[in-house]
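Comments concern the structure below.
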Amino acid sequence: MHHFTDRGGRLFAEDVDLSALAADVGTPVYVYSEATLRRHFRVFADAFAETETLVAYSVKANSNIAVLKVLADEGAGADVVSAGELHRAMKAGIALKRIVFSGVGKTRDEIAAALDAGILQFNVESAPELHLINDVAAAAGARAPIALRVNPDVAAGGHEKISTGKKEDKFGVPWSAARALYAEARALDGVAVKGVDVHIGSQIDDLAPFEAAFSKVASLINDLRADGCEIDTLDLGGGLGIPYGEGAIPPHPDDYAAMIKRVTAPLDVKLIFEPGRMIAGNAGVLLSRVVYVKEGEEKRFLIIDAGMNDLVRPAMYDAHHDIRPVAARTGDKVPYDVVGPVCESSDRFAKDRPLEPMQAGDLVAVMSAGAYGAVQSSQYNTRALVPEVLVRGDQYAVIRRRPTFDDMVSLEAAPDWL
């Protein structure tokens, strides 16, 4: 469920008319519904209400400080993958002992910063990383709390580029090496083994791969405890999909939780989850204005003012997003290729998408754009980053302004010899 609704032929975010908002802020613009962010977090957290659980929101999905503050207010922790995301989580007021640090390429400086901050746990993805964390912690006279991210060789995910749990993927410790690496970790002075971590992919719409992976990890925990490891936490990652308007409907969090409780109940561990898309995805839309309707020899193009630099998912993942007129149009639907102004053929949001007849000046909403939208945007073609707006009831606030051209070049300088 989300809070973007049609009222008398006009699209609203909660109680805000998106046409009026676009006229005020300009387009393109990302718009987020606070009520949807809160509802989605609660639906997930409530599914695990009777278990010891940390819901560590995946900051990479949508890292705006205002979004993080909303979720911090709901009691969310944070899953971060860089020192920058750690800084954002801390700035938003997320408790340090509710932060886990994931990612395959943690640097010495990032490890030192997270260790100094006192985060809950490092999710370790390789033997070299384990030894670097040990060295940094030992030099500081500390012991870093760790879980090894194990790769269960389970295929899952809505696209090959967001599948992370197969043995050929870069993520995690190979399944065949996990037990030995845990033994190695136990012998180190600078780390304290706390748990096991697994994350098999993103936009997963079937419980079967989750259950296969989690069952393998449950068996591993029993083996590790037999080896003398004190395993207190089990981080099951994120990956639960959302409906983008096409394809399968993902499982409800209640069904996801029921499966996990069945698999993990005998283990007596604290569960950690890293949902991102499931919370933020359907909480946001990208508003864009039609610049031209172009009639080609074989195609009809709807050229909008948003581009692939603003929302890269269709170009990168062939991702489907519903596209809706913000004000109702009349007439039989006709197929459009919905494209942006970027000088790339891949700058296309939809191919042969049936829409009511559109004209220059009309507004469209690219739905389900709250996750992996603004965070992946760039200034390619020297296009300004899109502003972000947060809606609460009948109020809205700009939570990231659109930079000026001077802002965009302010970090650059020509050398003295030019």
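The values are calculated or read from the model by the stated rules, or taken from the named source; none is laboratory data. The structure displayed is predicted, hence computed values, not measured ones. Note that each Cβ is placed from the backbone with ideal geometry, even for glycine, and that neighbours are counted across all protein chains shown.
Looking only at region 392-418, filter to residues that are over 20 Å from the mean Cα position of the chain (by Cα) and part of a strand (DSSP E or B); which one of those is nearest to H2 (Cα to Cα)?
Result: R392.
How many residues does region 320-342 hold that are modelled with pLDDT under 95 and not charged (D, E, K, R)?
The total comes to 4.
If you go through region 263-294 one residue at a time, how many are aliphatic (A, V, I, L, M), outside any strand (DSSP E or B) and either outside the structural domain of L236 (by TED's automatic domain parsing) or within 18 Å of V59 (Cβ to Cβ) (or both)?
Result for region 263-294: 4.
Just to be sure I understand, how many residues within region 368-386 are more than 17 Å from A66 (Cα to Cα) and touching a Gly at 6+ places or on another chain (Cβ under 6 Å)?
Number satisfying all stated conditions: 1.
Looking only at region 313-356, count every residue that is of a type in the set (D, E), under 24 Å from the mean Cα position of the chain (by Cα) and exposed (fewer than 14 other Cβ atoms within 10 Å of the Cβ) and tell me the total. Spell out the reasoning first.
Going through region 313-356, the residues of a type in the set (D, E) turn out to be 318, 322, 332, 337, 344, 347, 352, 356.
The next check asks that each one be under 24 Å from the mean Cα position of the chain (by Cα); those that pass are 318, 322, 347.
Right, trim to exposed (fewer than 14 other Cβ atoms within 10 Å of the Cβ) and you get 318.
Residues in region 313-356 being of a type in the set (D, E), under 24 Å from the mean Cα position of the chain (by Cα) and exposed (fewer than 14 other Cβ atoms within 10 Å of the Cβ): 1 in total.
Residues checked against (1) among the acidic types (D, E); (2) farther than 30 Å from D135 by Cα; (3) at pLDDT 95 or above:
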site	(1), (2), (3)
A156	no, yes, no
S163	no, yes, no
K167	no, no, no
E184	yes, no, yes
D189	yes, no, yes
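Within region 227-246, can you find the residues that are over 20 Å from the mean Cα position of the chain (by Cα) and on the phi > 0 side of the Ramachandran plot?
Listed by number, the list holds a single entry, G228.
Give me the residue from region 193-213 that is among the β-branched types (V, I, T) and at pLDDT below 90 and, out of that set, surrounded by the most Cβ atoms within 10 Å (Cβ to Cβ).
I200
Any idea which of A49, A35, A45 is more than 15 Å from the chain's Cα centre (by Cα), surrounded by fewer than 23 Cβ atoms within 10 Å (Cβ to Cβ) and closer than 22 Å to V389 by Cα?
Working: A49 fails: closer than 22 Å to V389 by Cα; A45 fails: closer than 22 Å to V389 by Cα.
Only one candidate qualifies: A35.
Hey, can you tell me all the residues within region 202-216 that are farther than 18 Å from I249 by Cβ and among the hydrophobic types (A, V, I, L, M, F, W, C)?
Answer for region 202-216, where residues must be farther than 18 Å from I249 by Cβ and among the hydrophobic types (A, V, I, L, M, F, W, C): A212, A213, F214.
Tell me which residues, restricted to region 384-396, are within 10 Å of V25 (Cα to Cα) and not β-branched (V, I, T).
P387, E388
Within region 11-56, can you find the residues that are within 15 Å of D394 (Cα to Cα), assigned to a strand (DSSP E or B) and touching a helix residue (DSSP H, G or I) at 6+ places or on another chain (Cβ under 8 Å)? Give the steps one after another, and end with the answer.
As a first pass, look at region 11-56 and keep what is within 15 Å of D394 (Cα to Cα): 11-22, 24, 31-36.
In the following step, the residues that additionally are assigned to a strand (DSSP E or B) were identified as 11-13, 16-17, 31-33.
L11, F12, A13, V31, Y32, S33, listed by residue number.
More than 30 Å from E274 (Cα to Cα) and not assigned by TED's automatic domain parsing to the domain that holds Y244, is that true of M316?
no
With the structure loaded, tell me whether R402 is surrounded by 17 or more Cβ atoms within 10 Å (Cβ to Cβ) and either among the β-branched types (V, I, T) or in contact (Cβ under 8 Å) with a residue 24 or more places away in the chain (or both) or whether it fails that test.
Considered against the rule, which asks whether it is surrounded by 17 or more Cβ atoms within 10 Å (Cβ to Cβ) and either among the β-branched types (V, I, T) or in contact (Cβ under 8 Å) with a residue 24 or more places away in the chain (or both), R402 comes out as no.
Read through the list (1) part of a helix (DSSP H, G or I); (2) modelled with pLDDT under 90, then give the number of the only condition that L132 fails.
Unmet for L132, out of (1) part of a helix (DSSP H, G or I); (2) modelled with pLDDT under 90: (2).
For region 228-253, which positions are more than 18 Å from P145 (Cβ to Cβ), surrounded by 12 or more Cβ atoms within 10 Å (Cβ to Cβ) and of a type outside the set (G, A, S)?
L240, I242, P243, Y244, P250, P251, H252, P253
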